[in-house]
Amino acid sequence: MPGAEICVILSTVPSDKSAEIARSLIDRHLVACVNMVPVRSWYRWKDEFCDDAEHLLMAKTRHEKAGEVIQAIRALHPYDVPEIITLPVISGHAPYLDWVYGETREP
């Protein structure tokens, strides 16, 4: 299936940490691209309602690198329990998927 080797990893992070995390993932060739979108997150944490301005990071990488990406995000993320979710890419524009694959090669 086209794209089966590629996945998208989502993580919400404090706005002041998003650039550092994204740059680190790209510099280490763990991901090809990170999109940052401002979001407002509502959730309950330790029995309190939270309303936070954050960035949603959408990182594209090879499926085989997902574990490394999750560990790298976790190491830089300030939350005790950060949102880090991996979604498979079922299909997509072949030249883009090839680019993602090439950018996530070993440096």
Within the set of pairs 6 or more residues apart or between chains, which connect a residue that is under 23 Å from residue 99 (Cα atoms) inside the range 13-31 to a residue that is in a loop (DSSP other than H, G, I, E, B) and open to solvent by 40 Å² or more (accessible area, probe 1.4 Å) with Cβ atoms less than 9 Å apart? 27/107; 28/107; 29/105; 29/106; 29/107
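Mind listing whichever residues of the range 13-40 are of a type in the set (Ser, Thr, Tyr) and open to solvent by 20 Å² or more (accessible area, probe 1.4 Å)? Step through it out loud before you land on a result.
If we filter the range 13-40 for residues that are of a type in the set (Ser, Thr, Tyr), which is where we start, we get 15, 18, 24.
Result: 15, 24.
Restricting the search to the range 1-12, which residues are at pLDDT 95 or above and open to solvent by less than 10 Å² (accessible area, probe 1.4 Å)? Working first, answer last.
Going residue by residue through the range 1-12, those that are at pLDDT 95 or above are 6-12.
Result: 6, 7, 9, 11.
Among the residues of the range 80-104, which ones are under 21 Å from residue 20 (Cα atoms) and either in contact (Cβ under 8 Å) with a residue 24 or more places away in the chain or of a type in the set (A, V, I, L, M) (or both)? Please lay out each step first, then the result.
To start, the set of residues in the range 80-104 that are under 21 Å from residue 20 (Cα atoms) comprises 80-86, 100, 103-104.
Once the filter is applied, which keeps residues that are under 21 Å from residue 20 (Cα atoms) and either in contact (Cβ under 8 Å) with a residue 24 or more places away in the chain or of a type in the set (A, V, I, L, M) (or both), the range 80-104 yields 81, 82, 83, 84, 85, 86, 100, 103, 104.
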May I ask you to list the residues in the range 57-95 that are touching a Ser or Thr at 6+ places or on another chain (Cβ under 8 Å), of a type outside the set (Val, Ile, Thr) and assigned to a strand (DSSP E or B)? 57, 59, 62
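Could you check how many residues of the range 96-107 are touching a Lys or Arg at 6+ places or on another chain (Cβ under 7 Å) and assigned to a loop (DSSP other than H, G, I, E, B)?
So the answer is 1.
The values are calculated or read from the model by the stated rules, or taken from the named source; none is laboratory data. These numbers were taken from a predicted model, which means no experiment stands behind them. No Cβ is skipped: glycine too gets one built from the backbone with ideal geometry, and neighbour counts run over all protein chains shown. Note: accessible area is taken over every heavy atom of the protein model, side chains too, but ligands, DNA and RNA are not part of it. Shrake-Rupley method; radii C 1.70, N 1.55, O 1.52, S 1.80 Å.
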